[in-house]
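Inspection log for the structure reproduced underneath, given as structure tokens.
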């Protein structure tokens, strides 16, 4: 089992519903976020293009955050989901520095927090909150080891990319272009 | 530590990424994970699900409020059975809980008093506030007649105050949603097809093969169903053509983006009509069968060639021809979207007519992928005595103007509220429900004069919006999450009913609008119109009439019904349009009879003077009107608006990214607050763009106060549409002021 997301940049309108849904689902304090939207503008008027992307922890298979964590709070769960066990976290912030995606933040309660792929929902057979709320259905979540899953299907049939591949982290979030 | 975790990273800086193709798929699929498994997490608790429909915008998506054991609203999630949202609310709906939890909410009734020569508000009991309103309303009725009470409204609560005024003897009920928004579109389509496109619009975006957006920024306007359907259309490979001086989100997803010179849309539309007719690619069978006035139209558009339009629109003739061909190829599964906010330049009905005519020539009305026929489910009205017949109504305030206004025009009601000797139809009292007139109405001088002259101004709202500062009495309404409301009966592809019930008890001293209306009504001796103690009884009665029950609705939230009529024109069967002749009016005898152009003509509009830029305004997907700028669940996504400036213009003015500037318009009006500069290639060099709804100047909105700029304070030049009274607001131009203006801006 290997959980991943394939996000369709052709469909994303950057509305940030994913961000709000994550906050209300996971009690993310107002002013912080586990996911966010990036807009990249390219070209000169009128030959301009935009890419909109919903970003979050890439749940990397080769995770610098897990490697650098001195207490083992950052760890892998089933399906390759990278989690922070809050009770073990001392808030040192090494993982925040190590993450090439800026996916982690210091929670006001003293630990480091980030996207969990909504593991509590996934274990109930539900999609993560961001995926399930998206009005454009631009996000696909699923198991890369399941050849019949939609995510495998879209990755087979569409061009895609991942972020900062040069960091060698083997990210599990793919962007359909 | 990084300081870069600013809330949402909508910016032009992204992390570098390299596109890889199917060939390099190995890592994504097929490689096995090297990770071992470890311990579990606790599963989520069971929360109570309470049905509601959203009130953050007018789309009214049905959803579920999840309430925790300790009575907190944890989240709001869309109802899977609701075709208006398909289980997916937009960011504003998801963040709707912020309306409930806003610390700045109105908490108790307030009455204006004079204290040491200064006007202020004091807290009042409901009884005192309601008695005061009833007394004043009686005085107004005695002196001037009940018709002298008017209502301005938006949203679900308006219905209860409309009922109150109708029972009282007035039908002077207006909404900015007509003259300030969709009125021109509704009128233009009505004149052409005999009806308009409703709300939610009956646009078949889901199944279209070609979607044309002209002045509609779906994806930034978060009209949920339409955003979802546009995404579906992208999946299905529909051709999207977007006309916009700004690279909108939709434009960025389009096969064709037509970066038009602002104010010239009608020239483009006429040249598209020209190409369809003179290249002989219009839907001949459909036009022959359903339309009249084709020959007149053909003659009329003879000279509106793409070459003619090129000089006006700056769009290349080939681009105009190619896009017209794309539409023709897709016909009748093509939709020239009617838009929604269409009060731009004062000839807006005519522009909407041109859009309607294009749809008519292509055969989209009544065909899959064009415009479908709606069907709704009829819910009987709760019985009440017949309303008294007013001796005059809002039509009289038109004074012979705007003959095609089918709804009250806010500005003529406001005009009728300014006292004048011998004025026959004088308005003396207002109730304002759910609309922040100070921000939504242009022609502010007239508005201020009217508000100063009233004998009574009651504002009902959940938040201390600017308009509350002008009230004699402010009534705190509870939010949609704390009340029963009317059933949502939607006419669309599928007829549906949706229920809103309280997820939690109202906070503070707030009350539902139905209760407020009933209390005022009873004090006016209109108790017979409110034959219930709780609104729940109304719902129970209504549902019983159609063999449903409140219990069942509480369980399902949304009820769908089977259609009884076809969604599209049936092959082989005739179709009568709702016009007088039953045919689509390419040539409008109605307009001609009233002294207007029977077919749209291009008129040139004012252009910015040197150093000024056309002020274009629009929406952001995480905000609604001026209503959400204080919503803590949404503000972090966009705390303030920015003025979009083309890099060439920025260089000319020496403007840097994120620099704050003041804007000054052609009439010398300077913005109250400074606004951040966003230097971007997404905007034309002759225009600037700002998102509407910011720049609040009312301090009780503790978060929103002073953040960003309010576009409507800069909209002082208004072009009124003579056909229906719409207030065209796009003919305003601004320039930049880099240093703080010497004079304190007026508040």
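Residue count for region A:68-78 satisfying the condition of being modelled with pLDDT of 95 or more and either more than 10 Å from residue A:94 (Cα to Cα) or within 8 Å of another protein chain (Cβ to nearest Cβ) (or both): 7. Among all residues of region B:552-566, there is none that is without any contact (Cβ under 8 Å) to a residue 40 or more places away in the chain, under 29 Å from the mean Cα position of the chain (by Cα) and under 25 Å from residue B:93 (Cβ atoms).
Just one of the listed residues (A:65, A:22, A:18, A:60) is more than 7 Å from chain B (Cβ to nearest Cβ) and under 30 Å from residue B:238 (Cα atoms), and it is A:18. For the list (1) touching a residue at least 12 places away in the same chain (Cβ under 8 Å); (2) part of a helix (DSSP H, G or I); (3) exposed (fewer than 15 other Cβ atoms within 10 Å of the Cβ), I need the number of the one condition that residue B:142 fails. It fails just one condition, (1). Among residues of region A:82-99 being within 9 Å of another protein chain (Cβ to nearest Cβ) and buried (at least 18 other Cβ atoms within 10 Å of the Cβ), the one that is nearest to residue A:141 (Cα to Cα) is A:82. On the given criteria, is residue B:147 within 30 Å of the chain's Cα centre (by Cα) and in a helix (DSSP H, G or I)? Taking the combined requirement at face value, the residue satisfies it.
Against the list (1) within 9 Å of chain B (Cβ to nearest Cβ); (2) under 30 Å from residue B:683 (Cα atoms); (3) touching a residue at least 12 places away in the same chain (Cβ under 8 Å), the condition residue A:44 fails is (3). Under the condition of being out of contact with any strand residue (DSSP E or B) (no Cβ under 6 Å at 6 or more places or on another chain), more than 17 Å from residue B:241 (Cβ to Cβ) and buried (at least 24 other Cβ atoms within 10 Å of the Cβ), the residues counted in region B:331-346 number 1.
One residue alone among B:661, B:670, B:688 is touching a residue at least 24 places away in the same chain (Cβ under 8 Å), closer than 24 Å to residue B:219 by Cβ, touching a strand residue (DSSP E or B) at 6+ places or on another chain (Cβ under 8 Å) and outside the structural domain of residue B:217 (by TED's automatic domain parsing), and that residue is B:688.
Among the residues of region B:150-182, the ones that are within 30 Å of residue B:197 (Cβ to Cβ) and not in a helix (DSSP H, G or I) come to 14 in all. Listed by position, the strands (runs of 3 or more DSSP E) enclosed by region B:389-503 that each have at least 1 residues that are over 30 Å from residue B:68 (Cβ atoms) and touching a residue at least 24 places away in the same chain (Cβ under 8 Å) are B:429-433, B:456-461, B:473-476, B:488-490. The requirement of being in a loop (DSSP other than H, G, I, E, B), touching a strand residue (DSSP E or B) at 6+ places or on another chain (Cβ under 9 Å) and either modelled with pLDDT of 95 or more or more than 11 Å from every other protein chain (Cβ to nearest Cβ) (or both) is satisfied by residue B:655. Do you know which of the residues in region A:25-41 that are surrounded by fewer than 19 Cβ atoms within 10 Å (Cβ to Cβ) and assigned to a loop (DSSP other than H, G, I, E, B) is farthest from the other protein chains (Cβ to nearest Cβ)? Here the answer is A:29.
Taking into account only those residues within region A:144-169 that are part of a helix (DSSP H, G or I) and more than 7 Å from chain B (Cβ to nearest Cβ), which is farthest from the chain's Cα centre (by Cα)? Per the stated criteria, the residue is A:157. Residues that are out of contact with any helix residue (DSSP H, G or I) (no Cβ under 7 Å at 6 or more places or on another chain), over 30 Å from residue B:400 (Cα atoms) and in a strand (DSSP E or B) do occur in region B:617-624. Residue B:313 meets each of the listed conditions (1) closer than 24 Å to residue B:196 by Cα; (2) touching a helix residue (DSSP H, G or I) at 6+ places or on another chain (Cβ under 8 Å) apart from (1).
Only a single item in (1) out of contact with any strand residue (DSSP E or B) (no Cβ under 8 Å at 6 or more places or on another chain); (2) more than 10 Å from every other protein chain (Cβ to nearest Cβ) is not met by residue B:290, and it is number (1). Considering only residues in region A:120-143 that are over 17 Å from residue A:23 (Cβ atoms) and surrounded by 19 or more Cβ atoms within 10 Å (Cβ to Cβ), the one that is nearest to the other protein chains (Cβ to nearest Cβ) turns out to be A:136. Screening residue B:222 against (1) buried (at least 24 other Cβ atoms within 10 Å of the Cβ); (2) in contact (Cβ under 8 Å) with a residue 12 or more places away in the chain; (3) within 8 Å of chain A (Cβ to nearest Cβ); (4) touching a strand residue (DSSP E or B) at 6+ places or on another chain (Cβ under 9 Å) leaves a single unmet condition, (4).
The one condition from (1) modelled with pLDDT of 95 or more; (2) farther than 23 Å from residue B:56 by Cα; (3) in contact with a helix residue (DSSP H, G or I) (Cβ under 8 Å, 6 or more places away or on another chain) that residue B:410 does not meet is (2). Checking the structure you have, find out if any residue of region B:591-610 is on the phi > 0 side of the Ramachandran plot, in contact (Cβ under 8 Å) with a residue 40 or more places away in the chain and part of a loop (DSSP other than H, G, I, E, B). The answer is no; no qualifying residue exists.
The values are calculated or read from the model by the stated rules, or taken from the named source; none is laboratory data. None of the values given here were measured: they were computed from a predicted structure. For neighbour counting, all protein chains shown are included, and Cβ atoms are generated from backbone atoms with ideal geometry for every residue, glycine included.
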